[in-house]
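Have a look at the structure below, then the notes.
The values are calculated or read from the model by the stated rules, or taken from the named source; none is laboratory data. Bear in mind the structure is a predicted one, so any value in this text is a computation, not a measurement. In this analysis, Cβ positions are derived from the backbone assuming ideal geometry, glycine residues included, and neighbour counts consider all displayed protein chains.
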């Protein structure tokens, strides 16, 4: 999420010592960035409206969990790689319930050696999704960290996306 460089998506920015928080409302601006880029891509390219997917890593993965259900009518599927969704955890059940009710397919990938987003946090999201029995896939990669999980997740994510179209 473009502007949110000092906090976790969906939560207040946390300035580091000596840093100002600029611009205000970074979460709101980050959300607008994503939706504006989507609108630009749809206007510029021949986009199949039934095959628009939302994918993000780290804070972008948290953005997927936040924006996925908020704009559920736009996506064919969601993918979150090592989602840094710490500030969303108090609302986890509500977010997951909205994803499930929207029948949005979701894949989450996570490295078991990630020190930025501990695997236990992502396992909690995965466990909550399994309880709802929604169209969900969780892949935990052994010996992967916050960076190495990205390229090795892509084949499974694209295969997952290929198998899902938007439900109307």
Practice task
Kindly indicate whether any position in segment 63-75 is buried (at least 16 other Cβ atoms within 10 Å of the Cβ), more than 16 Å from residue 105 (Cα to Cα) and modelled with pLDDT of 95 or more.
Solution key: no
Problem - Conditions (1) crowded, with 16+ Cβ neighbours inside 10 Å; (2) over 15 Å from residue 55 (Cβ atoms); (3) touching a strand residue (DSSP E or B) at 6+ places or on another chain (Cβ under 9 Å); (4) at pLDDT 95 or above: number failed by residue 148 - result: (1)
Exercise for the section: Return a yes/no flag: does segment 76-88 have any residue that is surrounded by fewer than 23 Cβ atoms within 10 Å (Cβ to Cβ), closer than 24 Å to residue 167 by Cβ, at pLDDT 95 or above and in contact with a strand residue (DSSP E or B) (Cβ under 8 Å, 6 or more places away or on another chain). Expected result: yes
Practice task
Out of the residues in segment 143-153 that are more than 14 Å from the chain's Cα centre (by Cα) and in a helix (DSSP H, G or I), state the one that is nearest to residue 94 (Cα to Cα).
Solution key: 149
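Taking the stated definitions as given, is residue 108 within 25 Å of residue 146 (Cα to Cα), in contact with a helix residue (DSSP H, G or I) (Cβ under 8 Å, 6 or more places away or on another chain) and modelled with pLDDT of 95 or more? Write out each step before concluding.
Working: within 25 Å of residue 146 (Cα to Cα): yes; in contact with a helix residue (DSSP H, G or I) (Cβ under 8 Å, 6 or more places away or on another chain): yes; modelled with pLDDT of 95 or more: yes.
Spelling it out, residue 108 is indeed within 25 Å of residue 146 (Cα to Cα), in contact with a helix residue (DSSP H, G or I) (Cβ under 8 Å, 6 or more places away or on another chain) and modelled with pLDDT of 95 or more.
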Handout entry: Set 141, 129: member being touching a strand residue (DSSP E or B) at 6+ places or on another chain (Cβ under 7 Å), within 17 Å of residue 72 (Cβ to Cβ) and surrounded by 14 or more Cβ atoms within 10 Å (Cβ to Cβ)
Key = 129
Fill in the blank from the handout: The condition from (1) at pLDDT 95 or above; (2) in a helix (DSSP H, G or I) that residue 99 misses is numbered (1)
Practice task
Would you check if residue 140 is at negative phi, assigned to a loop (DSSP other than H, G, I, E, B) and either under 15 Å from the mean Cα position of the chain (by Cα) or touching a residue at least 24 places away in the same chain (Cβ under 8 Å) (or both)?
Solution key: no
